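Below is one structure, written out as structure tokens; comments come after it.
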Amino acid sequence: MKTIALRFKVFILCILLLTLSRTIHGQITTRSISEKESSQYNIHKPANNSISHKILPPFDLNAVLKEDSLEMNALLPFRFGKAIDVDIDIFDQGTRVNRSDTTLIYYQISSIGAFSINLIFDKFYLNSNTSLKIYNAEQSVLYGPITEKENPTNGIFWTDLIKGDNIIIEVSILGKTTKGNELHISKVI
């Protein structure tokens, strides 16, 4: 019983530290939006079949839950998701669409049956002419926009949880050049 209480305290401390670090560096909003609001937030999603797409391999949820029960006595924080290693460079692998003076880049990630998805970027840098939005396929949850103000000093960036098993990453660049921008995803959770 003591180990569960200690594990819970460690978990709460981790959440508080994560919240504090987000507050100090500014907060990126994750919001639920209606279908009408998606145009208000300038979501330009093209047809799904035209977006570069990564489908994550399925995993055995029962095996993961069994692992969690075995680790319960190890005083580790609760796991909220399964991390999957990926190698996704948004600027190299994304689908580009030019609209007058704006370049849009899209990339879609699916994890069939997932409750939510979040991303870990190991290279993250946005120029002043660039913004990033991440939303679910239904366009009911939006994370962002993320701009140069949120560039981490160490280049590592973790997103919030985006509800759903299918998300779309949308990069908007005013002008045609993408030089200097970096968006590389190393893990999907």
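The values are calculated or read from the model by the stated rules, or taken from the named source; none is laboratory data. Computed from a predicted model, the values in this text were never measured in an experiment. In this analysis, Cβ positions are derived from the backbone assuming ideal geometry, glycine residues included, and neighbour counts consider all displayed protein chains. Side chains are part of the model used for accessible areas, which takes the heavy atoms of the whole protein and leaves out ligands, DNA and RNA. Shrake-Rupley method; radii C 1.70, N 1.55, O 1.52, S 1.80 Å.
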* In this structure, is Ser186 surrounded by fewer than 17 Cβ atoms within 10 Å (Cβ to Cβ), touching an Asp or Glu at 6+ places or on another chain (Cβ under 8 Å), in a loop (DSSP other than H, G, I, E, B) and of a type outside the set (Lys, Arg)? -> no
* For residues that are among the hydrophobic types (A, V, I, L, M, F, W, C) and under 21 Å from Ala137 (Cα atoms), scanning just region 152-172, find the one that is modelled with the lowest pLDDT. => Leu161
* Which listed residue is at pLDDT 90 or above, among the small types (Gly, Ala, Ser) and out of contact with any Lys or Arg (no Cβ under 7 Å at 6 or more places or on another chain), from Gly94, Gly81 -> Gly94
* **Residues that are open to solvent by 10 Å² or more (accessible area, probe 1.4 Å), assigned to a strand (DSSP E or B) and either of a type outside the set (Val, Ile, Thr) or touching an Asp or Glu at 6+ places or on another chain (Cβ under 6 Å) (or both), drawn from region 119-130** => Asp122, Lys123, Tyr125
* To do: Looking only at region 131-178, count how many residues are open to solvent by less than 10 Å² (accessible area, probe 1.4 Å) and either over 28 Å from Phe115 (Cβ atoms) or basic (Lys, Arg) (or both).
  => 1
* How many residues does region 138-171 hold that are within 21 Å of Ser32 (Cβ to Cβ) and either touching a Lys or Arg at 6+ places or on another chain (Cβ under 8 Å) or assigned to a strand (DSSP E or B) (or both)? -> 16
* **Complete set of residues in region 90-118 that are open to solvent by 30 Å² or more (accessible area, probe 1.4 Å), closer than 21 Å to Glu148 by Cβ and part of a helix (DSSP H, G or I)** => Asp92
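Is at least one residue of region 108-119 within 18 Å of Ile43 (Cα to Cα) and either in contact with a Pro (Cβ under 9 Å, 6 or more places away or on another chain) or not aromatic (Phe, Trp, Tyr) (or both)?
yes
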